[in-house]
Structures are given as C-alpha cells and as structure tokens.
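In what follows, a single structure is set out as structure tokens and then discussed.
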Amino acid sequence: DESLALWGALVDENPQDPQSLVGRVQACIAAGKPTDAEKDAAALLQLAPDDTVYQYYAQVTRGETPAQQPAELMRPLFDGMAEFYDMHMVRSLKYQLPKQVGDKILARHPDKKINVLDLGCGTGLLGVCLGRLDGALIGVDLSMKMVEQAARHNVYDRFHTVNLHDALRETPAGLYQVIAALDVFIYAGDLTEAIPNAFRVLAADGVLIFSCETAPESGPDLVLQPAGRYAHKLSHIQSLCKAAGFDTVEVEDTVLRYENHLPVQGFVVTAHKPA
C-alpha cells in the first residue's frame, strides 16, 4: 500500500514520466491487482508503442497471460542480481535443485562422456555440481553478467547469451545426451514449442530434466503469478512431453526454494527420448 501510494503521488506529479508509470504498474502486479494499472500501461504504450516491455505490461494489466516474458525485461533483472545470486539462492532461499539434478545426471552417466545443454545456466550452479565433463557443457543465459559469473568456475565449454526459446529452435538435432532447465521455465512461459524442440535437440536415449512451479489442475495451463513468474499445470506439461515423443515422463514433486520463509511448491520432470 505504501509503495502504491508513493508511485501514485509521483504519477500525479508527472503523468508522462515513464519511470513512475512503470513503478505503479509493477506495484499493482506485485499486489495481485494488475488490472488497476491498465491505464498506466496504456499510457506507456502511447509513449513508446514498439517497446516490448510496455507491450507485455499492457497484456498483463488487461488480465491476459503473455506467452513469455520479453528479454528486455529479464536481462537487466538478472544482470543486477549476478554478483550475489549464489549466496541469495543457496543460503537464503535454500535452493538445492542443481545438486539434486547434478547427482541424477552423474548417476546416469558416471563416466561423464556426455554433452549437456544447461538452459538458463545462470551463475553455473549446475556446472559446479557436474564438474568437468568428457564431452561438452554448454550454458545458455540471457544475462551476460550471470554468464561472467558462471565462466569463473571453468567447467563450461561455451556460452550463448540468448533467449532459451531461440537457442532450442536454432540448435541442430541430436547433439545432447542431457538438456537441463532448472528454475528457468518459470520465466520462459509457454512451452508448447520449447519441449518439442528439446526432444529434437536430444540424442537418442537422452533426457530432458526441468523444473516448474505448480499451477492448480483446476485452472489454466499457464498462470502468471504476482511475483512475475509462470506456474505450469502438471497434466499439461505431461501432455506436451508425450506429444513431443518422450516415452517415459517421470515427475517428482518438490520444494523448489523458499520465499518469505514459505516453501515454493513445484515439480521436476525427467523426460526420456527413446533409444
């Protein structure tokens, strides 16, 4: 309420100030009242009709669910978090997915003779857990600052600073034994193209391992939450995996991390491509 009052006063003072308008839009979204900012988002679009972030906010404040978040919104967010991301995620939010999934990958491939594509690699937490591979470990992340942190571990062979949807779409078929997407599909949104593309990029007998936040089964397939992250309906994800061609789809319910000392419920999917 204090935040909304502050941004409201700033907008009243200068109704054409983009920073103030964006601030009130973000505050309304965080408060779970996005439609209250519909006029602000419309005003932003009038100022810059081609701005992808303003277009995104316009959709959200109209009560719509955008298919994905624009890179221009996510990149500065994670650039700003890069230096303290590891400490914040692991110590404060008790984030354990990289260790859990790293152990699962190494149990399946103890000789480490594999190529791994780490989508949304961030600061390289999965790479640290895997160590050097007798193959290639490729990291994909929008944030150059995050990639710079990941490079310090000296376990990745190459990085691509692109949107994961574009990375999957443009990668040749059959290259990787493992594709991992940990805590990144929560920002990627609609996965109707990403999962089939991951299937194509995997080699025979390969696995796609990814996490999602849980959306209620009684609601839509994709939910944009007040925190700005997407939640996915498990049955929809299972259907996408089966339709893409995966023969087994294992699901493990888990606590992804903690937020405000409360567990964030999600699930980890391990989808296997037939040999």
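Taking helices (runs of 4 or more DSSP H) that do not extend beyond the stretch 22-92, which have at least 1 residues that are more than 22 Å from Asn163 (Cα to Cα) and open to solvent by 30 Å² or more (accessible area, probe 1.4 Å)? Please lay out each step first, then the result.
Numbers: elements: 38-47, 52-61, 71-81.
So the answer is 38-47.
Determine whether Pro172 is within 16 Å of Val116 (Cα to Cα), free of Cβ contacts under 8 Å to residues at least 60 places away in the same chain and in a loop (DSSP other than H, G, I, E, B). Show your work before the answer.
On the way: within 16 Å of Val116 (Cα to Cα): yes; free of Cβ contacts under 8 Å to residues at least 60 places away in the same chain: yes; in a loop (DSSP other than H, G, I, E, B): yes.
Judged against the criteria, Pro172 is a match.
Check Ala37, Ala43 and return the single one that is touching a Cys at 6+ places or on another chain (Cβ under 6 Å) and modelled with pLDDT of 95 or more. Spell out how you get there, then give the answer.
Details: Ala43 fails: touching a Cys at 6+ places or on another chain (Cβ under 6 Å).
None of the others qualify; the one that does is Ala37.
If Leu168 meets every condition in (1) among the aliphatic types (A, V, I, L, M); (2) surrounded by fewer than 15 Cβ atoms within 10 Å (Cβ to Cβ); (3) closer than 24 Å to Arg200 by Cα apart from one, which number is that one?
Against the list (1) among the aliphatic types (A, V, I, L, M); (2) surrounded by fewer than 15 Cβ atoms within 10 Å (Cβ to Cβ); (3) closer than 24 Å to Arg200 by Cα, Leu168 comes up short only on (2).
Go through the stretch 1-21 and give me each residue that's farther than 24 Å from Arg75 by Cα and in a loop (DSSP other than H, G, I, E, B).
Asp1, Asn14, Pro15, Gln16
Restricting to the stretch 109-125, name every residue that is more than 17 Å from Val201 (Cβ to Cβ) and either open to solvent by less than 10 Å² (accessible area, probe 1.4 Å) or in contact with a Cys (Cβ under 8 Å, 6 or more places away or on another chain) (or both).
Listed by number, the residues that qualify are Gly122, Thr123, Gly124.
Would the stretch 98-118 turn up any residue that is over 21 Å from Leu208 (Cβ atoms), over 15 Å from the mean Cα position of the chain (by Cα) and outside any loop (DSSP other than H, G, I, E, B)? I'd like the intermediate steps shown before the answer.
Step one: list which residues in the stretch 98-118 are over 21 Å from Leu208 (Cβ atoms), which gives none.
Checking the stretch 98-118: not a single residue is over 21 Å from Leu208 (Cβ atoms), over 15 Å from the mean Cα position of the chain (by Cα) and outside any loop (DSSP other than H, G, I, E, B).
Which pairs have Cβ atoms under 7 Å, sit 6 or more apart or on different chains, and link a residue in the stretch 49-70 that is without any contact (Cβ under 8 Å) to a residue 60 or more places away in the chain and closer than 14 Å to Pro34 by Cβ to one that is open to solvent by 60 Å² or more (accessible area, probe 1.4 Å) and assigned to a helix (DSSP H, G or I)?
From the stretch 49-70, the pairs are Thr61/Thr35; Thr61/Glu38; Arg62/Glu38; Gly63/Thr35.
The values are calculated or read from the model by the stated rules, or taken from the named source; none is laboratory data. Because the structure is predicted, anything quoted here is derived from the model rather than measured. Counting neighbours? That spans all protein chains shown, and the Cβs are built from the backbone with ideal geometry, glycine included. Surface accessibility is based on the protein's heavy atoms, side chains included, excluding ligands, DNA and RNA. Shrake-Rupley method; radii C 1.70, N 1.55, O 1.52, S 1.80 Å.
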